[in-house]
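A short reminder: the numbers here are calculations on the coordinates, not readings from a lab. Everything numeric here is computed off the predicted structure, so don't read it as measured data. When we count neighbours, we look across all protein chains shown, and the Cβ atoms used for this are built from the backbone with ideal geometry, even at glycine.
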Amino acid sequence: MLRLRLEEQPAPTGKKDVEMLLGWLLDTLGLVRRRNDADTSDAAQRPLHRLMRDHLLKNPMKGVDAKTLADQLGISMTALHHHLKGLQAIRLVASKSGENGWMKHHLRCGSLSAAVDLLHREAGGILAIRLSPLERWQTGSVDRDSSEETEEIPLKLVICEPRPLVNNEDEIDAFLNDFALRGERSRQTSGDDLTRQVFESLLSANHAISLDEAVAQWGATRPRLTRTFDRFRAAGLVERVLRHDRLTVILWDALSTQYSRRGEKWLLGKGGLGRLDEKVSKQVVKSLREGKFDSDRCAELFSKTSEDELRLALNLLGGRLPYGYRLSGNSGDDVARQVCLRFEAIFSRLKRIASALDELQAN
């Protein structure tokens with residue numbers, strides 16, 4: 001069963017450095033999981049790195065048995081089995097019976113570039129299948145502005161084949177578990193766990209969900225909710241955007257708070273209210289003085305003021321526009337398309353690096 005864990009990495013800088021290119025490829029394919037191992041300066045001496053460089057890349061079709069590999073790499077059979085199992089799970093390595101009774105392992109299709117190309121085709125097809133239910137599940141739609149800027153984080157995407165449901169799972173549970181959206185080792189089936197509640201709310205939401213709203217709705221801590229949303233963001237399913245629809249509400253709160261603390265004179269001076277249209281600022285102060293300034297009145301008074309001016313005023317008042325989380329597309333198909341675009345971008349790099357490694361190894 002294919003199980004691929006893609007981890008987006010900065011592009012390698014050494015175009016002809018075998019060690020750097022191979023290390024980048026192994027890291028991007030999620031084959032190096034221990035942080036202290038991945039960050040060491042002697043990464044080229046890792047057993048997996050040497051296994052690929054000195055054996056599989058050097059003699060891609062000759063094949064080498066496990067006993068020879070364990071002896072030459074200086075590792076136990078258990079450790080070797082772990083590395084080979086990881087390479088086989090992502091279809092880079094194939095095996096066949098040898099003459100001496102040992103299985104012989106070789107690069108699939110005789111080259112790294114061919115193996116990566118086939119992996120791309122297979123993983124891309126499976127990803128499309130796994131994302132297809134989103135079109136059924138997504139019932140909400142958040143209005144989008146073409147000028148909005150979204151902040152991406154490095155893609156961490158787990159792709160695995162569809163499998164039978166187990167332990168009272170339903171389709172959504174299997175989706176969350178197989179994409180590691182509950183965490184790498186968590187496999188829950190409870191319909192009321194936080195990750196599922198967040199996912200179902202995102203599917204039905206008609207506006208981006210802010211952390212404050214999430215805390216009020218589910219009672220979880222902000223750090224826990226941030227981690228939950230970030231797992232969806234890392235998979236490309238969710239994006240974080242500024243809640244422009246909350247601008248007048250946040251501005252109302254900031255004006256009311258600063259008026260009660262510092263008074264009218266400060267608002268018109270350092271508070272920045274005096275920078276806005278004089279008629280509007282006078283009406284705001286009058287409403288505050290009379291105790292009639294609420295969020296609806298704020299929206300009414302500032303209805304003709306540009307958003308840039310309002311954001312500047314909010315900044316001078318010491319407030320800030322909150323972020324919200326929403327699905328990365330207007331429909332399930334659109335979300336799937338966004339995820340696939342980022343998947344294709346990673347594989348475009350993987351193919352170039354694999355071809356470069358084949359060329360360097362042949363020379």
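Structure data summary
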| item | result |
| --- | --- |
| Amide H partners (placed H, <5 Å) of V93, local residues excluded | Q88, R108 |
| Cut-off 12 Å, label 7 Å out along Cα→Cβ of E264, residues of the stretch 278-314 by amide N | 282-291 |
| Simple spin-label estimate for S295 and H207 in nanometres, 7 Å along Cα-Cβ | 0.7 nm |
| Exposed-site-free run, longest, the chain (rule: GluC sites (Glu not before Pro); DSSP loop; at most 14 other C-beta within 10 Å) | 185-363 |
| The chain: DSSP helices with Cα axial extent of at least 20 Å and average Kyte-Doolittle hydropathy no lower than -1.0 | 112-131, 247-262, 332-362 |
| Two-site label geometry, N330 and E184: point separation in nm, points 7 Å out along Cα→Cβ | 3.9 nm |
| Nitroxide proxy distance, nm - points 7 Å out along Cα→Cβ at D54 and L2 | 3.2 nm |
| Relative contact order (%) - the chain, alpha-carbon pairs under 8 angstrom, separation at least six | 21 percent |
| For P(r) over Cα pairs in 10 Å bins from 0, in percent, calculated from these coordinates, the label among [x] 5, 24, 33, 26, 10, 1, 0; [y] 5, 25, 37, 25, 7, 0; [z] 5, 20, 22, 19, 15, 10, 6, 3, 1, 0 | [z] |
| Distance between the stretch 106-136 and the stretch 160-186 - C-alpha centres, whole angstrom | 19 Å |
| Cα-centre dipole for the chain with unit charges at Cβ (Lys and Arg positive, Asp and Glu negative), debye to 20 | 780 debye |
| Among L31, N168, L312 the positive-end extreme of the charge dipole of the chain (Cβ point charges) | L31 |
| Computed [θ] at 222 nm, deg cm²/dmol, the chain (DSSP H ≥ 4; -39,500 (n - 2.57); rounded to nearest 500) | -15500 deg cm²/dmol |
| Cα centroid separation, the stretch 241-314 to the stretch 206-232 (Å) | 27 Å |
